[in-house]
Amino acid sequence: MKYAAFFRGVNVGGKNRVNMAELQRLFFDCGFFGVRTYIQSGNVLFETDGPQNALTELIQKAFARRFGFESSVVLRAEDEIAGILAALPFTQEDLAKAEVMSPGVEHAYVYLSNAVIAPAIVEKLLLSCREGDKLYAGKRELYLLFGRGARGSGLAAALPKLDPSLTARNINTMRKIQSLLGSGACG
């Protein structure tokens with residue numbers, strides 16, 4: 001089965017530096033095949049015949065041993081990524097309005113979690129929304145549209161405090177990962 005691993009807080013702001021070639025080697029050393037990284041933010045595409053429920057812990061432990069610090073990892077199978085993108089709640093009009101409010105920045109993100117998103121988390125996050133922000137909850141994902149971009153957003157800052165496994169990817173990155181998984185690029 002094909003998977004994408006999304007690491008949290010890798011190569012952000014000069015901290016938690018990880019060489020992508022070394023990260024790729026780590027996955028090969030764990031017995032995975034068809035391994036490929038995508039951009040510098042800790043996205044790894046791979047294949048395995050192993051059961052999904054054991055993969056996250058295996059990868060997190062191997063990562064900590066290799067790189068000397070811990071980083072949460074969220075896994076999604078190829079079909080789960082397709083489902084996430086199919087469920088995008090933002091219209092072209094929503095995206096166009098956000099672009100007018102704050103041109104030239106990424107506006108649409110998916111926050112991925114290892115846990116089911118609790119309604120109480122969504123209620124707390126809604127209090128941090130500002131003009132132009134939209135928030136929708138999936139099963140283990142949060143869909144966010146930042147009217148003025150994620151930088152400096154109270155909503156973006158509040159998320160990791162509520163669920164430390166959450167890691168964000170913009171919609172363009174998610175689409176590219178889906179394309180790479182579907183193209184046979186990891187295997």
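Just so it is clear, none of the values below were taken in a lab; they were calculated from the coordinates. Keep in mind that this is a model prediction, so the values were computed, not measured. In this analysis, Cβ positions are derived from the backbone assuming ideal geometry, glycine residues included, and neighbour counts consider all displayed protein chains.
In nm, what is the difference between 0.36 nm times the number of residues separating Asp49 and Val105 and their Cα-Cα distance?
Values: separation 56, 0.36 × 56 = 20.16 nm, distance 3.86 nm.
Taking 0.36 nm per residue and subtracting the Cα distance, the gain is 16.3 nm.
Quick check for me: using +1 on Lys/Arg Cβ and -1 on Asp/Glu Cβ, what's the dipole size of the chain about its Cα centre, in debye to the nearest 20? Could you put the intermediate results ahead of the total?
On the way: 22 positive and 18 negative charges, 103 e Å.
Here the size comes out at about 500 debye.
Treating only the Cα positions of segment 84-177 as identical point scatterers, give the base-10 log of I(q)/I(0) from the Debye formula at each q in 0.14 Å⁻¹.
The computed values of log10 I(q)/I(0) come out as -0.45.
Where nothing but the Cβ of Lys and Arg (+1) and of Asp and Glu (-1) is charged, how large is the charge dipole of segment 2-77 around its Cα centre, in debye to the nearest 20?
Using only the charged Cβ atoms, the result is roughly 240 debye.
Given the -39500 (n - 2.57) contribution per DSSP H run of 4+ residues, what per-residue ellipticity at 222 nm results for the chain, rounded to the nearest 500 deg cm²/dmol? Show your work: numbers first, answer last.
Values: 7 runs with 74 residues, N = 187.
Rounded to the nearest 500, it is -12000 deg cm²/dmol.
How much FRET efficiency would the formula 1/(1 + (r/R0)^6) give for Ala82 and Lys124, where r is the Cβ-Cβ distance and R0 is 35 Å, rounded to 0.05? Could the numbers behind the result be given before it?
On the way: r = 30 Å, r/R0 = 0.84.
The pair Ala82/Lys124 has a calculated efficiency of 0.75.
By how many degrees, 0 to 90 and rounded to 10, does the Cα axis of helix 52-67 deviate from the longest principal axis of the chain?
80 degrees
List the pairs from Lys97/Lys176; Lys124/Lys176; Lys2/Lys161; Lys15/Lys61; Lys139/Lys176 whose alpha-carbon separation is above 27 Å, in the order I gave them.
On the way: Lys97/Lys176 23 Å; Lys124/Lys176 31 Å; Lys2/Lys161 30 Å; Lys15/Lys61 19 Å; Lys139/Lys176 22 Å.
With Cα atoms farther than 27 Å apart: Lys124/Lys176; Lys2/Lys161.
Give the residue from Asn170, Ser128, Gly104 lying farthest towards the positive end of the charge dipole for segment 84-177; charges sit on Cβ (+1 for Lys and Arg, -1 for Asp and Glu) and the dipole is referred to the Cα centre.
The residue sitting farthest along the positive end of the dipole is Asn170.
Whole Å is fine, so just give me how far the alpha carbon centre of segment 156-186 lies from that of segment 1-61.
13 Å
Quote the relative contact order of segment 2-77 in percent (integer), defining contacts as alpha-carbon pairs under 8 Å separated by 6+ residues.
Working: 118 pairs, mean separation 31.0, N = 76.
Over segment 2-77, the number comes to 41 percent.
So for segment 2-77, taking the charge dipole from beta-carbon charges (+1 Lys/Arg, -1 Asp/Glu), which of Leu75, Ser41, Ala21 sits furthest toward the positive end?
Ser41
In debye, nearest 20: dipole of segment 84-177 around its Cα centre with unit charges on the Cβ of K, R (+) and D, E (-)?
Values: 12 positive and 9 negative charges, 48 e Å.
Taking the Cα centre of segment 84-177 as origin, the dipole is about 240 debye.
Given points 7 Å out from each Cα along the Cα-Cβ axis, report the Phe90 to Ser183 separation in nanometres with one decimal.
About 2.2 nm separates the two model spin labels.
Please work out whether segment 2-77 counts as rounded, prolate or oblate from its C-alpha gyration tensor, where a ≥ b ≥ c are the square roots of the eigenvalues and a/c under 1.5 means rounded, while otherwise a/b larger than b/c means prolate and anything else oblate? Intermediate results must be reported in sequence, preceding the final value.
Details: a/c = 1.65, a/b = 1.49, b/c = 1.11.
Taking the square roots of the gyration eigenvalues as a ≥ b ≥ c, segment 2-77 is prolate.
For the chain, what is one quarter of the convex hull surface built on the Cα atoms, given in nm²?
10.3 nm²
With contacts defined as alpha carbon pairs under 8 Å and 6 or more residues apart, what's the relative contact order of segment 84-177 in percent?
On the way: 134 pairs, mean separation 34.3, N = 94.
Averaging sequence separation for qualifying contacts and normalising by length gives 36 percent for segment 84-177.
Could you state the angle between the C-alpha long axis of helix 171-182 and the longest principal axis of the C-alpha atoms of the chain, as a value from 0 to 90 degrees rounded to the nearest 10?
Its long axis makes an angle of about 30 degrees.
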